[in-house]
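Following: one structure in structure tokens, then a few remarks.
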Amino acid sequence: MKFPKQSVFMVVDDFEIMRKVTASQLRALGVDEVVTANNGAEALRMLQKRRVDMVLSDWNMPNMSGLELLKAVRSDARLYGVPFVMITAEAERERVAEAIACGVSDLLLKPYTAERLARRVEKALAWKPRKMFGAADAAPDASPVGTAAGGVVPPAKALRPPTILVVDDTPDNLHLLSHLFQDAYRVRIANNGAKALEICCSDDPPDLVLLDIMMPDMDGFEVARRMREHPVAETIPVIFVTGMTGDEARLKGLELGAVDFVSKPIDPEVLKLRVRNFMRYVELRKQLQADYDGMMDAARLREDVEQITRHDMKGPLAGIIGLVQTLVEDESMGRDKLTEQLRMVEETALQVLDMSNLSSELFKIETGRFTLDARPVKLGDILRRIAEISQAAFADKHLALTVNAEPAAGGTSPLATGDAMLCYSLFQNLIKNACEAAPPNGTVSVTLVDGDPLQVVIVNTGAVPADIRGRFFDKFVTRGKQGGTGLGTYSAKLLAEAQAGHIALDVSDDANTTSITVALPRAAAA
């Protein structure tokens, strides 16, 4: 994992042992320096005095909670871009949605292992500061795709059965309990408290612990107490299996977080029923992290889609400005030409309005919920219109922009099958991208190739850099374009594939050209 040079991470938690454990895990990952704070207010004071590359904060703390700290960080222009990971056992979706709306970089659900912490840190390092959503805007759409009754439907795959750790110093009891559950669960055993604690605090902790109390060296109470001091083990459910039946022992166990007591000698059927009930809770807890991840992904997708839509609008708006400037400067323009130009301005403005409604369709495409209402589309008309607008938008570059979309002699212009709005945005993106990439006085050609499927080939002067060719259609990939977002070719790929088409890149270093070919289904002849 790559960290910034002389990386400094901040851990915020009101429990000292939790701060120490998390700091130790971060140092083991390769973080150069870890600073700690015991509440949000102290953390904010430290952040205002020194550089920090990432904040990992507990949610519920005195003086200033993790959420309040997050809001303060995101409202500070100097701290706004600092990645912020919220570590929480929070299960209320509304509060999680609020954290996402406030700009949290990632959410890590307790309990967590060092491996899961590493994955969250890696994701947070790749986080980019973006426009914040208001909580009212975020909450309605915060649920990920595929949810039911407030929970995420996980992908269909074979899951390892839950793990039970049986802890007892008596071999007969270990044998009895392990065989009682081995058909339904993965069973591990420990014959002393130290071994039990080692397993619970490892990167492969159990989902439930059946813990004897009376053991030599380290009794069950001490095991439970130490478990509650470690981020991996602190929320693992514990059922005490013991011969101690007094109220004092039961009260002490409950104070240490025990979820149940089972008296020896055990009734196997009663114990199996209790374990099965608590395993339902365990599975619900496992779903929470997936649920949070889905909510984070949905928020990121919504922001990405809005960025794509804003990116797509720049070309038509620049075209409108260019057309209006031409009208103002050309005093010799006749009435017919003036009318033609004004109609083009009107049509382009309407296209921008349509694009403002495109974001919902792009969101559906990204989340796999888009349904194409395929109709015949006049690609030739769309390509000529975009070329005229682009010519005006990039007039200062003096490009030789040509369109060859005419039908063969005596023929009719071929029609594609797709969505006219998606096609307009698709080719506006690609032609705009070609015009931006071409050098001054360069060439851009757009050719409609009549076939089945139809092909549109866009060629511009200038070769795509070799190191990004393999990722050319990926999100956020850009090079050498001031203000470039790396979303144009990505959204073009989305829009082509949403219409049952495909897109390909070809680069010629010898000719110093970049060629993009889009294939779309041909409409059946009427």
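The values are calculated or read from the model by the stated rules, or taken from the named source; none is laboratory data. Keep in mind that this is a model prediction, so the values were computed, not measured. Heads up, the Cβs are rebuilt from the backbone with ideal geometry, glycines too, and the neighbour counts pull from every protein chain shown.
What are the pairs with Cβ atoms under 9 angstrom where one residue, in region 503-523, is in contact (Cβ under 8 Å) with a residue 24 or more places away in the chain and on the phi > 0 side of the Ramachandran plot and the other, located anywhere, is part of a loop (DSSP other than H, G, I, E, B) and small (Gly, Ala, Ser)? Sequence gap at least six, or different chains.
Cβ pairs passing all conditions: ASN512/GLY462; ASN512/ALA463.
List the residue pairs whose Cβ atoms are under 9 Å apart, where the first residue sits in region 172-186 and is assigned to a loop (DSSP other than H, G, I, E, B), the second is at pLDDT below 90 and surrounded by fewer than 17 Cβ atoms within 10 Å (Cβ to Cβ), and the two are 6 or more positions apart or on different chains.
What qualifies is ALA184/PRO161; ALA184/LYS272; ALA184/ARG276; TYR185/PRO161.
Per-residue answers, yes or no, for (1) of a type in the set (Asp, Glu); (2) under 18 Å from LEU117 (Cα atoms); (3) outside any helix (DSSP H, G or I); (4) in contact with a Cys (Cβ under 6 Å, 6 or more places away or on another chain):
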| site | (1), (2), (3), (4) |
| --- | --- |
| PHE3 | no, yes, yes, no |
| LEU26 | no, yes, no, no |
| GLU42 | yes, no, no, no |
| MET61 | no, no, yes, no |
| ARG78 | no, no, yes, no |
| GLY81 | no, no, yes, no |
| ALA97 | no, no, no, no |
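Somewhere in region 223-239, is a residue surrounded by fewer than 21 Cβ atoms within 10 Å (Cβ to Cβ), assigned to a helix (DSSP H, G or I) and not hydroxyl-bearing (Ser, Thr, Tyr)?
yes
Go through region 456-473 and give me each residue that's under 27 Å from TYR424 (Cβ atoms) and not basic (Lys, Arg). Lay out the reasoning, then the answer.
Let us first name the residues in region 456-473 that are under 27 Å from TYR424 (Cβ atoms), namely 456-462, 464, 468-469, 471-473.
VAL456, VAL457, ILE458, VAL459, ASN460, THR461, GLY462, VAL464, ILE468, PHE472, PHE473 - these are the residues of region 456-473 that are under 27 Å from TYR424 (Cβ atoms) and not basic (Lys, Arg).
ASP13 - would you say it is more than 24 Å from the chain's Cα centre (by Cα) and either of a type in the set (Val, Ile, Thr) or buried (at least 20 other Cβ atoms within 10 Å of the Cβ) (or both)?
Yes: the conditions hold for ASP13.
Would you confirm whether any residue within region 441-454 is under 33 Å from the mean Cα position of the chain (by Cα), among the aliphatic types (A, V, I, L, M), under 19 Å from ILE382 (Cα atoms) and modelled with pLDDT of 90 or more?
As a first pass, look at region 441-454 and keep what is under 33 Å from the mean Cα position of the chain (by Cα): none.
For region 441-454, residues under 33 Å from the mean Cα position of the chain (by Cα), among the aliphatic types (A, V, I, L, M), under 19 Å from ILE382 (Cα atoms) and modelled with pLDDT of 90 or more: absent.
Can you tell me which of (1) in the same structural domain as ASP76 (by TED's automatic domain parsing); (2) within 30 Å of LYS264 (Cα to Cα); (3) at pLDDT 80 or above is the one PRO111 doesn't meet?
So PRO111 meets the others, but not (3).
For region 1-34, give me the residue count where each residue is β-branched (Val, Ile, Thr) and more than 20 Å from ARG74 (Cα to Cα).
Residues of region 1-34 β-branched (Val, Ile, Thr): 8, 11-12, 17, 21-22, 31, 34.
Of the ones still in play, those that are also more than 20 Å from ARG74 (Cα to Cα) are 17, 21-22, 31, 34.
Result for region 1-34: 5.
For region 371-390: of the residues being among the aliphatic types (A, V, I, L, M) and out of contact with any strand residue (DSSP E or B) (no Cβ under 6 Å at 6 or more places or on another chain), which is nearest to ALA496 (Cα to Cα)?
LEU372
Answer yes or no: is there a residue in region 90-104 that is within 16 Å of the chain's Cα centre (by Cα) and of a type outside the set (A, V, I, L, M). Steps first, answer last, please.
Within region 90-104, the subset within 16 Å of the chain's Cα centre (by Cα) is 96-97, 99-104.
Checking the rest, the ones that are also of a type outside the set (A, V, I, L, M) come to 102-103.
Yes, there is a match, as at least one residue in region 90-104 is within 16 Å of the chain's Cα centre (by Cα) and of a type outside the set (A, V, I, L, M).
State whether the residues of region 73-85 include one that is buried (at least 16 other Cβ atoms within 10 Å of the Cβ) and in contact (Cβ under 8 Å) with a residue 60 or more places away in the chain.
For region 73-85, residues buried (at least 16 other Cβ atoms within 10 Å of the Cβ) and in contact (Cβ under 8 Å) with a residue 60 or more places away in the chain: absent.
Go through region 15-57 and give me each residue that's of a type in the set (Ser, Thr, Tyr) and in contact (Cβ under 8 Å) with a residue 12 or more places away in the chain.
Step one: of region 15-57, the residues of a type in the set (Ser, Thr, Tyr) are 22, 24, 36, 57.
Scanning region 15-57 gives THR22, THR36, SER57.
What number of residues in region 389-405 are modelled with pLDDT under 90 and surrounded by 12 or more Cβ atoms within 10 Å (Cβ to Cβ)? Talk me through it step by step, then tell me what you get.
From region 389-405, those modelled with pLDDT under 90 are 389-396, 405; that's our starting set.
Now restrict to residues that are surrounded by 12 or more Cβ atoms within 10 Å (Cβ to Cβ): 389-395, 405.
Total meeting the criteria: 8.
Of the residues VAL73, VAL55, only one is over 24 Å from CYS201 (Cβ atoms), part of a strand (DSSP E or B) and in the same structural domain as LYS123 (by TED's automatic domain parsing); which?
On the way: VAL73 fails: part of a strand (DSSP E or B).
Just one listed residue meets the conditions, VAL55.
Tally the residues that are assigned to a helix (DSSP H, G or I) and not aliphatic (A, V, I, L, M), restricting the search to region 28-39.
Start the filter on region 28-39 by keeping residues that are assigned to a helix (DSSP H, G or I), which leaves 28-29.
After this cut, where a residue has to be not aliphatic (A, V, I, L, M) as well, the list is none.
The total comes to 0.
So if I check each of LEU174, LEU254, LEU210, which one is closer than 22 Å to VAL282 by Cα and modelled with pLDDT of 80 or more? Show your work before the answer.
Values: LEU174 fails: closer than 22 Å to VAL282 by Cα; LEU254 fails: modelled with pLDDT of 80 or more.
After ruling out the rest, the residue left standing is LEU210.
Taking the condition touching a residue at least 60 places away in the same chain (Cβ under 8 Å) and in contact with a Lys or Arg (Cβ under 6 Å, 6 or more places away or on another chain), does PRO440 pass?
Details: touching a residue at least 60 places away in the same chain (Cβ under 8 Å): no; in contact with a Lys or Arg (Cβ under 6 Å, 6 or more places away or on another chain): yes.
For PRO440, the condition - touching a residue at least 60 places away in the same chain (Cβ under 8 Å) and in contact with a Lys or Arg (Cβ under 6 Å, 6 or more places away or on another chain) - is not met.
Any residue in region 381-396 that is among the hydroxyl-bearing types (Ser, Thr, Tyr) sitting within a Cβ distance under 7 Å of a residue that is at pLDDT 85 or above and crowded, with 20+ Cβ neighbours inside 10 Å? List the pairs, counting only those 6 or more apart or interchain.
Between residues of region 381-396 that are among the hydroxyl-bearing types (Ser, Thr, Tyr) and residues that are at pLDDT 85 or above and crowded, with 20+ Cβ neighbours inside 10 Å, the close pairs are SER390/LEU401; SER390/ILE431; SER390/LYS432; SER390/CYS435.
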